[in-house]
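Report on one structure; see the data block that follows.
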Amino acid sequence: MCKYIKTCERKGNDQKDLHEHLSKIYPESTDEIIKIYAQRDYWQDQAGKMRRGEDLILGQQEYGELDMIITTGVGRRAGGAGVKLVLKELFTKTQDWHTGERVAGNFAGRADLFTEWVSHANKLQKDLKDKKDAAAANPELEVLTPEGEEQLSRLNTRFKYLVNARGKTDCAKEIATRIGAYAVMPQSLSVLTSAREAHRFKSTLQCQDEMMWIIAFGQRDELSKHVSNPDVVIASRKSAVLLFSDQVCWWVNFKNQDGQIDKYRITLVLLQIVKNFFDAEVEPLGEFSPSVLILLGPHAQLSNIDDEHCFIEDRVFVSAGKRMEHKKGQKTALLEKVVEMRKKAELDKNEKTLEYLKQFRDIVQQPSGFQDAIISTWIIELLAKYYTVSLHQRDMFIGNRTRSSKEAMYKTQQFSSWIPGKMGPACQITNSDVACSVKAHVRVAENEFRKEMKSFAADETERPTWTCGPYELVKICGGALINSKLEIDNGGILAAGVRNGQLSWRPDLKKGKLVKSDEQEWHMALRTKAGIPVRLGSPSIHCTWTIDRYNVFKN
């Protein structure tokens, strides 16, 4: 606490505000904090003598919202009773499984953790028993080590305790604690205070401003912290683009292998682009870019499969704990119907189908029809083929924050800014101005398709069945994107960026600083459908959040 107080004092924070802030993030009362603050030098000196708090990690050292992550350090006792963790390998395997499930977007509760842990425990117990029995029957074989004997004894004791419901509940709680899993409250139930909402909103825009400044004016040493090739960024600053994306999901009916109709999730990754924003001599251009359609099935990427159903490039990734390989030139049945549809449309010169396919930057598959870490990495690498340098703003979805995704961003010169939780409606352009239009057009396209199926069934005197295959999904989604693009492209992306605050400041490479966008002609020319000038702020943004938006760089 004393170290953190020193950090805040160096930043010039007010003493009264600091007391209130400390009382929120530390369990001590306000009176106790005031006493500690008065003797902060003494307590910090005592802590140094006892070597306490040396491994204290501050999640965010900025004064304001602070998330504390405390690790065990010298002089600080670890949690628990201090008993040796004999069955550590079981918890490690369970943790690896849990991480894989979360990255894939699957929910895993305590019951799932318990089931996975028990399966590993049963296997370990069987292996140890077999080894012990074999050594007893044949003296020439290696006997069980003391560690193995201790593990077997502990497992036998544990399984006796797991007979009743209380033992299973306690074991499930222990597993969750050991592997660091915790219950996440659903977004609809979690509530942020007004102060925290304001802080998150301002932090989102400051992160966007900071990354734009680094791209436009950062030196080689600073750029190398974010990208692998700073020279490319320096040479391509004017052509850098701003990217904004988010997922839009809905449910469709599919006919399974048994002929029954099931519901499955389909995802569209909607992408918006702002070009020429780093070139002050040219007016910026906002575009509703082709999207990425995620279908249900094993991991596959249409852009990596040719018309002969062979992989174009080598791909190696891990899915559900298994190493998967897509080897160049290897035949595959993945996305077979979509590949045939693309091939047939090109041979027949079917302009309608080709126009639908052009609305997708790529079509991919994922086991749950969801964007996971593998799909995120593929999208990052795909965008790098179109944009040399980019700044991509996303929400803090776990698939975008894995090591593989961050490595792909680093290698492809893609800078990142983030939108924290529950700030999507206020800051995310996809949520505020794009998603509703796309979903509305999808519903219209679905209704039209239903009418076609009914009329066809009436002609054939059959009962209509409403199911979607690859062609129907491409037709529905492609048609919805075409109609939405006509609405959004006409100044819609720029207007959304101005209202949400992302485009309030614009880099001017000649002046060497960020300048106000509201003083430029393109900004003043933006109008709503009612003819009203577009200004900073929207119904999702509290008026007090934007008061100092144009004063953040006054110094």
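Just give me the residues in the range 190-222 being of a type in the set (S, T, N, Q), more than 26 Å from residue 280 (Cα to Cα) and not in a helix (DSSP H, G or I), in sequence order.
Within the range 190-222, 190, 193 meet the criteria.
Please note which helices (runs of 4 or more DSSP H) are completely contained in the range 463-555 and include at least 1 residues that are within 30 Å of residue 252 (Cβ to Cβ) and either among the aliphatic types (A, V, I, L, M) or out of contact with any Leu (no Cβ under 8 Å at 6 or more places or on another chain) (or both).
By residue number, 470-488, 492-500.
Can you tell me which residue is farthest from residue 1 (Cα to Cα) among those in the range 22-44 that are among the aromatic types (Phe, Trp, Tyr) and in a helix (DSSP H, G or I)?
The residue in question is 42.
Count, please, the residues in the range 358-388 that happen to be among the aliphatic types (A, V, I, L, M) and either under 18 Å from residue 311 (Cβ atoms) or in contact with an Asp or Glu (Cβ under 9 Å, 6 or more places away or on another chain) (or both).
Summing the residues that are among the aliphatic types (A, V, I, L, M) and either under 18 Å from residue 311 (Cβ atoms) or in contact with an Asp or Glu (Cβ under 9 Å, 6 or more places away or on another chain) (or both) in the range 358-388 gives 6.
The conditions are (1) in the same structural domain as residue 393 (by TED's automatic domain parsing); (2) out of contact with any Phe, Trp or Tyr (no Cβ under 9 Å at 6 or more places or on another chain); (3) of a type in the set (Ser, Thr, Tyr), and residue 204 fails exactly one of them. Which is it?
Unmet condition: (2).
Only one of (1) surrounded by fewer than 17 Cβ atoms within 10 Å (Cβ to Cβ); (2) at pLDDT 85 or above; (3) not polar (S, T, N, Q) is not met by residue 192, so which one is it?
Unmet condition: (2).
Going through the range 406-459 one residue at a time, which ones are of a type in the set (Gly, Ala, Ser) and under 17 Å from the mean Cα position of the chain (by Cα)?
Residues satisfying the conditions are 408, 416, 417, 421, 424.
Taking into account only those residues within the range 330-357 that are in contact with a Phe, Trp or Tyr (Cβ under 7 Å, 6 or more places away or on another chain) and not β-branched (Val, Ile, Thr), which is nearest to residue 471 (Cα to Cα)?
That would be 341.
Against the definition (touching a Pro at 6+ places or on another chain (Cβ under 9 Å) and touching a residue at least 24 places away in the same chain (Cβ under 8 Å)), how does residue 483 come out, yes or no?
Judged against the criteria, residue 483 is not a match.
Counting just the residues of the range 382-412 that are part of a loop (DSSP other than H, G, I, E, B) and not polar (S, T, N, Q), which one comes out farthest from residue 339 (Cα to Cα)?
396
Please enumerate the residues belonging to the range 518-555 that are surrounded by fewer than 10 Cβ atoms within 10 Å (Cβ to Cβ) and of a type in the set (Asp, Glu).
Scanning the range 518-555 gives a single hit, 521.
Run residue 305 past the list (1) modelled with pLDDT under 95; (2) of a type in the set (A, V, I, L, M, F, W, C); (3) more than 19 Å from residue 392 (Cβ to Cβ) and report the number of the one that doesn't hold.
It fails just one condition, (1).
If a residue has to be under 19 Å from residue 476 (Cα atoms) and part of a helix (DSSP H, G or I) to count, how many in the range 344-381 make the cut?
So the count comes out to 10.
Of everything in the range 147-171, what is β-branched (Val, Ile, Thr) and under 14 Å from residue 114 (Cα atoms)? Give them in sequence order.
Correct list: 163, 169.
Can you list residue pairs whose Cβ atoms sit under 7 Å apart, with the first residue in the range 128-139 being surrounded by 11 or more Cβ atoms within 10 Å (Cβ to Cβ) and the second being among the β-branched types (Val, Ile, Thr)? Count only pairs 6 or more apart in sequence or on different chains.
Pairs found: 135/143.
If a residue has to be at pLDDT below 85 and among the acidic types (Asp, Glu) to count, how many in the range 135-172 make the cut?
The qualifying residues number 2.
If you go through the range 484-537 one residue at a time, how many are more than 28 Å from the chain's Cα centre (by Cα) and aromatic (Phe, Trp, Tyr)?
1
Counting only residues that are touching a residue at least 24 places away in the same chain (Cβ under 8 Å) and either hydrophobic (A, V, I, L, M, F, W, C) or over 24 Å from residue 269 (Cα atoms) (or both), how many does the range 347-373 have?
The qualifying residues number 6.
Between 295, 347, 285, which is within 30 Å of residue 512 (Cα to Cα) and among the hydrophobic types (A, V, I, L, M, F, W, C)?
That would be 285, the only listed residue that is within 30 Å of residue 512 (Cα to Cα) and among the hydrophobic types (A, V, I, L, M, F, W, C).
Which residue is farthest from residue 251 (Cα to Cα), if the candidates are limited to the range 346-378 and must be among the polar types (S, T, N, Q) and over 19 Å from the mean Cα position of the chain (by Cα)?
350
The values are calculated or read from the model by the stated rules, or taken from the named source; none is laboratory data. Here the structure is a predicted model, which means the values were calculated and not measured. Counting neighbours? That spans all protein chains shown, and the Cβs are built from the backbone with ideal geometry, glycine included.
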